[in-house]
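K.L.:
Have a look at the structure that comes next, please.
The values are calculated or read from the model by the stated rules, or taken from the named source; none is laboratory data. Bear in mind the structure is a predicted one, so any value in this text is a computation, not a measurement. We place every Cβ from the backbone using ideal geometry, glycine too, and count neighbours over all the protein chains shown. We work out accessible area using only protein heavy atoms, side chains counted, and drop any ligands, DNA or RNA first. Shrake-Rupley method; radii C 1.70, N 1.55, O 1.52, S 1.80 Å.
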Amino acid sequence: MLEAIFAPRSVAVIGASPDPDRLGHQVLKNIVQHGYQGRIYPIHPRASQILDLPAFPSVLHVPDPIDLAVMVIPARQVLPVVEECGQKGVQGLIVISAGFKEVGGEGKALERQLLETVRRYQMRMVGPNCLGVIDTINRLNASFAALMPNEGEIAFMSQSGALCTAILDWSKPQGIGFSRFVSLGNKADVDEVSLLQAWNEDPHSKVILAYLEGISDGPGFIAAARKVTRNTPVVAIKSGVTEAGTRAASSHTGSLTGSESAYEAAFAQSGIIRSRTMSELFDLAKLFSYQPMMQGNAVAIVTNAGGPGIIATDATERSGAVRMATLTPETIARLQRDLPPTANVYNPVDVIGDARSDRYRVAIKATLEDPGVHALVVLLTPQAGTDTEEIARVIGELAATYGKPVLASFMGAMSLGPSLKILNEQRIPNYTFPERAIQSLASMARYLEARQQPEPEFVHFEVDRERVRQLFDRVRESGRVELGEIEAREVMEAYGMRLPRSRLAQSPDEAARIAAEIGYPVVMKISSPDILHKSDIGGVRVGLADATAVRDTHELIEYRARKYSPQARIWGILVQEMVRKGREILVGVSRDPQFGPLVAVGMGGIYVEVLRDVALRLAPISRQEVASQIRSIRTFPLLRGVRGEPPADIAAIEEVVLRISQLVTDFPEIVEMDINPLVVHNQGEGAVVVDARIILA
Ligand code: ADP
Ligand code: MG
């Protein structure tokens with residue numbers, strides 16, 4: 001896939017120029033001088049030769065087939081030329097030219113037409129408005145970057161062209177190499193999803209890095225990333241905010257979510273490693289591209305200084321993803337035999353400040369050969385007698401033998417230049433400080449764990465979808481977007497939730513009759529499509545024990561509702577079965593414009609906004625995801641039961657979440673909803689939806 005762009009047999013540069021100051025010249029020069037093996041055709045209206053290559057006035061004049069065309073011409077000239085490319089049978093386009101969507105107005109229209117032409121001829125296009133594409137495997141530098149990156153195993157995509165040039169410039173002296181390097185530009189056609197798919201199982205790329213500002217197709221992105229991350233780690237950094245973050249929210253869930261949490265959930269559910277900073281992005285890129293995957297989460301540390309050893313140990317224990325390996329008695333005996341008596345032979349292994357490479361060799365070999373060690377971090381502080389370059393060589397030599405990731409943290413800058421170069425040549429990632437080495441390993445361990453999870457399993461419940469559809473139609477016909485309690489209950493019922501028995505009363509006497517039918521004690525609530533939070537106006541009374549209380553309460557609630565909200569349409573007073581005490585949970589949904597429905601689970605009740613203790617997943621949610629979702633609520637121990645309390649029915653919560661996930665997937669018009677509370681009883685006793693709100697688009 002995308003062969004024509006990454007591995008074309010021939011390239012035309014449209015807008016190639018004899019003038020070395022022009023972009024079109026620089027792009028052509030980049031293609032010519034970095035070893036591209038295919039045929040190159042400069043296209044220029046008048047020139048007969050550019051950079052010693054015969055030039056042609058248009059692609060239609062080129063006698064041979066052309067796979068890829070790179071455009072470096074003004075935006076308004078692009079359309080007719082793309083048309084020619086289509087006629088010529090060109091399959092790939094890289095449109096470097098700017099002046100499209102990013103300038104708004106006419107540019108937007110131009111980009112639409114451009115895309116339409118590209119689709120009509122079934123071409124694929126990178127850009128417009130981009131730096132270009134570099135592929136070191138095919139030695140194709142179809143960009144105006146000032147440098148050709150080193151060959152390496154990092155595939156990189158970026159939505160910012162300027163960032164691309166900065167990274168190329170920075171990576172070169174660092175010795176970091178790339179397999180593919182793509183500036184996405186306006187991503188009218190080829191976007192992050194196309195590249196993820198193209199790079200899935202790419203033998204030349206061990207890790208995919210992405211700098212993203214926004215995602216065009218959220219669900220497509222998640223689906224593609226879910227597949228790719230099973231084979232290849234994907235590390236992404238996301239910047240910028242979207243309008244969703246500032247949208248006013250009228251539900252509990254709406255106020256607890258935003259585009260930031262949607263990204264968080266999207267990355268987590270699709271197995272993407274999220275990096276917060278550029279330095280972290282490259283910390284991880286080095287580890288994943290240089291070293292093999294960990295096969296477990298136990299780390300050994302070898303150091304020549306106590307302090308850094310402790311720092312690394314602390315970082316390991318705090319990480320929550322990697323742990324300190326326990327060395328076997330054989331390893332310990334070996335270390336005791338071969339290291340001086342002052343050395344510490346337990347993990348972290350301290351070879352002591354005067355250690356030279358022979359001691360490092362003993363300790364590295366022994367720890368890497370220990371079956372309980374899955375990764376090794378070698379720390380070094382430069383002392384007068386430390387032969388750092390030789391130590392760097394020893395690390396490289398031994399790391400290559402055991403198939404376990406080895407990381408270094410040579411601390412210092414002054415005296416370490418040559419040894420850092422040796423480490424890099426031997427593909428040992430080095431980190432200025434030990435914490436960064438440990439954090440990188442922790443990310444690798446988390447990635448490994450996610451990858452080892454079974455394929456997500458999606459459940460489908462038998463529900464009455466048609467009934468909900470008809471109800472929504474009726475609500476819309478009446479010009480409302482907010483469902484009243486009765487309607488929300490009907491939706492819940494159609495999707496198989498358990499609800500307290502209840503009926504609407506229009507008079508105190510009717511209320512008393514219903515209460516007798518339901519059985520005392522009962523709960524009474526105001527029922528109005530215009531009153532969102534019933535308790536706020538004193539519209540909920542619980543524990544009503546007899547007919548007198550029910551009659552009085554009917555009058556009281558009605559009076560209060562009229563007083564606090566004179567305009568409200570009152571449908572009646574709901575008389576409801578009193579649900580026995582349980583733990584109160586919130587299950588809610590808000591809709592993210594990029595990723596779709598975001599389902600929240602957390603502690604319910606009136607402190608929801610204060611505690612902000614919710615865990616989020618994007619629907620559709622799998623069985624595994626709902627299990628991890630509920631377990632990641634901070635107050636999950638309360639559900640499991642503390643101080644001899646029996647555990648709550650966690651399976652029942654999971655089922656409610658999955659049914660809600662199905663509901664909001666079936667009905668995209670649900671923009672927000674809350675179940676608050678879901679009253680959860682003890683294990684095996686189920687959960688009851690006591691209150692629900694639904695808002696339609
Ligand atoms: P609102 O959220 O609009 O104020 P609710 O229906 O959630 O109204 O009721 C408020 C609180 O009253 C609930 O959080 C719950 O603690 C209690 N409650 C409501 N209905 C029942 C019921 N049927 N059984 C037991 N408790 C209830
Ligand atoms: Mg409520």
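K.L.:
Between E260 and D354, 0.36 nm times their residue separation minus their Cα-Cα distance comes to what?
P.N.:
Between E260 and D354, full extension yields 28.9 nm more.
K.L.:
At a Förster radius of 30 Å, what calculated FRET efficiency corresponds to the Cβ-Cβ distance of T326 and S279, to the nearest 0.05?
P.N.:
0.40
K.L.:
Rounded to the nearest 20 debye, what is the charge dipole size of segment 3-205 about its Cα centre when +1 sits on each Lys and Arg Cβ and -1 on each Asp and Glu Cβ?
P.N.:
360
K.L.:
Please return the longest range in the chain lying between exposed loop sites, taking trypsin sites (Lys or Arg not before Pro), DSSP loop only, at most 11 other beta-carbon atoms within 10 Å, and leaving the sites out. Kindly include the intermediate steps, with their values, before the conclusion.
P.N.:
Working: sites that count: R46, R276, R580, K581, R643.
For trypsin sites (Lys or Arg not before Pro) (loop position, at most 11 other Cβ atoms within 10 Å), the longest site-free span of the chain is 277-579.
K.L.:
How long, wide and thick is segment 465-577, going by the Cα atoms along their three principal axes, in whole angstroms, largest first?
P.N.:
Sorted largest first, the three principal extents are 40, 32, 21 Å.
K.L.:
Further question: Report relative contact order for segment 292-451 in percent, whole number only (criteria: Cα-Cα under 8 Å, sequence separation at least 6).
P.N.:
It rounds to 29 percent for segment 292-451.
K.L.:
Considering the alpha-carbon set of the chain alone, what are its Rg and its Dmax in angstrom?
P.N.:
According to the Cα coordinates of the chain, Rg and Dmax are 31.8, 102 Å.
K.L.:
Positive end of the dipole of the chain, charges at C-beta (+1 Lys, Arg; -1 Asp, Glu), about the Cα centre: which of I208, I537, V62 has its Cα farthest in that direction?
P.N.:
V62
K.L.:
Expressed as a whole percentage, what fraction of the accessible surface of the chain belongs to carbon and sulfur atoms when a 1.4 Å probe is rolled over the protein heavy atoms?
P.N.:
In the chain, the share of accessible area belonging to carbon and sulfur is 51 percent.
K.L.:
For segment 3-205, go through all pairs of different Cα atoms, get the mean of 1/r, take its inverse, and jot down that Kirkwood value in Å.
P.N.:
16.7
K.L.:
In segment 138-204, which GluC sites (Glu not before Pro) are in a loop and have at most 15 other Cβ atoms within 10 Å, using DSSP for the loop call?
P.N.:
Taking segment 138-204 and a limit of 15 other Cβ atoms within 10 Å, the loop GluC sites (Glu not before Pro) found are E201.
K.L.:
Calculate, axis by axis, the spread of Cα positions in segment 535-667 along the three principal axes, and write the results as whole Å, longest axis first.
P.N.:
49, 44, 26
K.L.:
So how strong a dipole does the chain carry about its Cα centre when Lys and Arg Cβ are +1 and Asp and Glu Cβ are -1, to the nearest 20 debye?
P.N.:
Values: 73 positive and 81 negative charges, 41 e Å.
For this selection, approximately 200 debye.
K.L.:
Continuing with the same structure: Go through L184, L499 and list them by solvent-accessible area, largest first, probe radius 1.4 Å.
P.N.:
L499, L184
K.L.:
Return a whole-number percent for the relative contact order of the chain, with Cα pairs under 8 Å and 6 or more residues apart as the contact set.
P.N.:
Computed over the chain, the figure is 9 percent.
K.L.:
What is the spin-label model distance, in nm, from E3 to H61 if the labels are put 7 Å beyond Cα along the C-beta direction?
P.N.:
Using points 7 Å along Cα→Cβ, the separation is 3.0 nm.
K.L.:
Need one number: nm distance between label points at D473 and A109, each 7 Å from Cα along Cα→Cβ, rounded to one decimal.
P.N.:
Going by the 7 Å Cα→Cβ label model, 4.0 nm.
K.L.:
Can you find, among M492, V664, P18, the residue farthest towards the positive end of the dipole of the chain? Put +1 on the C-beta of Lys and Arg, -1 on that of Asp and Glu.
P.N.:
P18
K.L.:
Mind scanning K534/K581; K525/K581; K101/K227; K187/K238; K206/K421 and naming the pairs with a C-alpha gap bigger than 27 Å?
P.N.:
K101/K227, as the Cα separations exceed 27 Å there.
K.L.:
Calculate, for Y346 and A223, the FRET efficiency according to 1/(1 + (r/R0)^6) with r their C-beta to C-beta distance and R0 51 Å; round to the nearest 0.05. Can you show the working numbers first?
P.N.:
Values: r = 47 Å, r/R0 = 0.92.
Given R0 = 51 Å and the Cβ-Cβ separation, E is 0.65.
K.L.:
Taking a virtual spin label 7 Å from the Cα of R318 along the C-beta vector, which residues in segment 378-392 bring their backbone nitrogen under 20 Å of it?
P.N.:
Residues 378-380 fall inside that zone.
K.L.:
State the Cα centre-to-centre distance between segment 593-612 and segment 153-220 in whole Å.
P.N.:
33
K.L.:
So, counting K/R as plus one and D/E as minus one, what does the shell of residues with Cβ under 12 Å around L93 add up to?
P.N.:
Around L93, the charge tally is -1.
K.L.:
On a C-alpha basis, how far is the centre of segment 496-512 from the centre of segment 278-338 in Å? Whole number, if you could?
P.N.:
62
K.L.:
Starting from the Cα of R39, step 7 Å along the direction of its Cβ; do the same at Q383; then give the gap between the two resulting points in nm.
P.N.:
In this crude label model, R39 to Q383 measures out at 6.7 nm.
K.L.:
Any idea which of G220, A568, V626 is furthest toward the positive side of the dipole for the chain, if Lys and Arg beta-carbons carry +1 and Asp and Glu beta-carbons -1?
P.N.:
G220
K.L.:
So how much accessible area does T665 have, in Å² to the nearest 10, using a 1.4 Å probe?
P.N.:
Ignoring ligands and nucleic acids, T665 comes out at about 70 Å².
K.L.:
Say R0 is 45 Å: what FRET efficiency, to the nearest 0.05, do V481 and D546 get from their beta-carbon distance?
P.N.:
Values: r = 39 Å, r/R0 = 0.87.
For R0 = 45 Å, the calculated efficiency reads 0.70.
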